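Peer 1: Below you will find the structure I want to go over with you.
Readers should treat all values here as calculations from the given coordinates under stated rules, not as data from a laboratory. This is a predicted model, so every value here is computed, not measured. Don't worry about glycine lacking a Cβ; one is built from the backbone with ideal geometry, like all the others, and counts go over all protein chains shown.
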Amino acid sequence: MHVVIAGGGDIGALIAQSLQHEHDVVVLDPDPAVAERMETLDVRVLTGNATDPELLREAGVDRADAFIATTNSDEINLIASMLAKGLGARQSLTFLGKAYYVEVLTDPRTMEILGARIDRVFWPQRALAKEVLEVVLLPKALDTELIAGGRLRLIEYLVDASSSYAHRLVADLEWPRGVALLGVLREGQFITLRSEDFRDLVLEPGDHLVFVATRGGFPVLHSLFAGSDRVRRVFIVGGGTVGFMIAKRLRESRVEVVLIEQDPERCRFISEQLSGVLVIEGDGTDLNLLEQEGLEQADALIAVTDNDEKNLLVSLLAKQLGVEKVVTRVSRSETRALFERVGVDIPLTPRQAAVREVLAYLAPEGVERLALIEDSVEVIEVRAPRHLQGRRVGELELPQHSIVVAVIRDERVVLADGKTQIRAGDELILMAARDEVARVAKIFKE
């Protein structure tokens, strides 16, 4: 694929880095320093404004399979996307930050005017809110995602010092029926089932266990880590778009919500829109306020202001008061590891959440991207071609870090092992290193 990306900032750089090995990528940015920052990437960088038709032509937008607008200006993104589509780009994708633009572009009347000039709108704030909700509503879970139409769940748990799984050999552990351990995350590295040392791996405190579970297997697995716990009370610091969306969904899930916001006008707006949410005008970094409102009794704290330093301070105060789960918004992806090192449980960035949506949208032909684990391992879905009829999963010549996770046949989902037999037309769920996805796609090409 030929991909043109407008904007070499955080989002554009993440997308370029992810696509460089499989696709021909061109990045447009008015800042000459972007070219220097991307010297290590296998991409072409052109300096100039993405709304300049001549620059778009030089980038080959007329033969682009996808044009992706990722600048910090919604207006530039919209204009550039429509220009690119008009000049011949097959797909035009744009990132937006303002809620009212998203609302306008999802209005059928607007689409009648614009025609098919914008194929897909990505709203990082909505993607982040979705990720936060998924992980907050499950006690003990560090990450979770439903795949295969909700019939399978990916879920990640922490091995802490008090865990019964600490200091035990992976090969000795047994899991409930309908559950499979996919791998272990250790210090940013994902050790998969096919890794040479996986069977000899001894779990240590701080390891993350990544599972896939069927609908029947998940409740049993979750009880092993969370017991009968449920989320009853959540604090949110930051009443912007993300905080508002999270508070709304939590109340719909019958969770008690306390939201702290400094802007008095925003407080009034949230109070009017969200009945049942306790809205407090104040500073979320005020320890006295947090103690007065009973933060230590909360099941989780979510820090989603637009200031990384404030989010970090709020998170550290929450951990000091004994809050078990702390989810924090991190604006800059490069500081995410720092947040983890100082004790923040789950640092999430709106940019990374949205980038995952883009990668899923731009999957190779015949491949549906379902999820991304630690930005390095993908969960994908492919259809088994006729030439694999009767083959067993263990006989497939897959790349080193790729495995078949499950088989979907006649609406039935079965977790796979080496003896599982494949039929033509089966939907296969696989886990693969990001740089192996293209090779996996070729194996399953009809």
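Peer 1: Compute the convex hull volume of the Cα atoms of the stretch 2-122, divide it by the residue count, and report the result per residue in Å³ as a whole number.
Peer 2: 87
Peer 1: What residues qualify as long-range amide H neighbours of D143, i.e. H under 5 Å apart, gap of 5 or more or another chain, H built at 1.01 Å from N?
Peer 2: E156
Peer 1: Between the stretch 47-102 and the stretch 151-194, what's the alpha-carbon centroid distance in Å?
Peer 2: 42
Peer 1: Rg and Dmax of the stretch 239-329, using alpha carbons, in Å: what are they?
Peer 2: Every Cα atom of the stretch 239-329 included, Rg and Dmax give 12.1, 33 Å.
Peer 1: Same structure again: Given R₀ = 35 Å, FRET efficiency for A33-D306 by Cβ-Cβ distance, to 0.05?
Peer 2: After rounding, the FRET efficiency stands at 0.90.
Peer 1: Another question about this same structure. Within the chain, count lysine pairs with alpha carbon atoms under 29 angstrom apart where the residues are 8 or more positions apart or belong to different chains.
Peer 2: The number of close lysine pairs in the chain is 20.
Peer 1: What distance in nm separates the two pseudo spin-label positions at S331 and Q273, each 7 Å out from Cα along the beta-carbon direction?
Peer 2: Reported label-point gap for S331 and Q273 is 2.1 nm.
Peer 1: Could you list Y100, Y157, Y165, Y361 so that the one with the fewest beta carbons within 10 Å of its beta carbon is first and the one with the most is last?
Peer 2: Lowest count first: Y100, Y361, Y165, Y157.
Peer 1: Determine the relative contact order of the chain: mean sequence separation of Cα pairs under 8 Å and six or more apart, normalised by residue count, in whole percent.
Peer 2: Here the relative contact order equals 11 percent.
Peer 1: I'd like the antiparallel share, as a percent to the nearest 5, of DSSP beta bridges with both residues in the chain.
Peer 2: Taking every DSSP beta bridge within the chain, about 55 percent pair in antiparallel fashion.
Peer 1: By per-residue mean of other Cβ atoms within 10 Å, what is the highest-first order of 136-145, 198-207?
Peer 2: Per-residue Cβ counts within 10 Å, averaged per peptide and sorted highest first, yield 136-145, 198-207.
Peer 1: Let me ask another. Divide by every residue of the chain the summed helix terms, -39500 (n - 2.57) for each DSSP H run of at least 4, and state the resulting mean residue ellipticity at 222 nm, rounded to the nearest 500 deg cm²/dmol.
Peer 2: Estimated from H runs of four or more residues: -8500 deg cm²/dmol.
Peer 1: Sticking with this one: Taking H placed 1.01 Å from N in the peptide plane, check which residues at least 5 places from R409 or on another chain put their amide H under 5 Å from its amide H.
Peer 2: Here the answer is V414, since their amide H atoms fall under 5 Å of that of R409.
Peer 1: Enumerate the whole-percent occupancy of each 10 Å bin, from 0 to the last occupied one, for all C-alpha pair distances of the chain.
Peer 2: 4, 19, 27, 27, 18, 5, 0
Peer 1: Would you mind ranking V4, V231, V404 by Cβ crowding within 10 Å, fewest neighbours first?
Peer 2: V231, V404, V4
Peer 1: Can you divide the C-alpha Rg of the stretch 128-226 by 2.2 N^0.38 Å and report the result to two decimal places?
Peer 2: Against the empirical 2.2 N^0.38 Å value, I get 1.05 for the stretch 128-226.
Peer 1: Considering only the stretch 286-426, what is the antiparallel percent among its DSSP beta bridges, to the nearest 5?
Peer 2: If I count the DSSP bridges inside the stretch 286-426, around 60 percent turn out antiparallel.
Peer 1: Still on this structure, please answer the following. Please turn the phi angles of the stretch 179-191 into ³J(HN,Hα) values with the Karplus equation 6.51 cos²θ - 1.76 cosθ + 1.60 (θ = phi - 60°), one per residue in order, whole Hz, x for glycine and proline.
Peer 2: Per-residue couplings from phi come out as 10, 9, 7, 8, x, 10, 8, 9, 6, x, 9, 9, 9 Hz.
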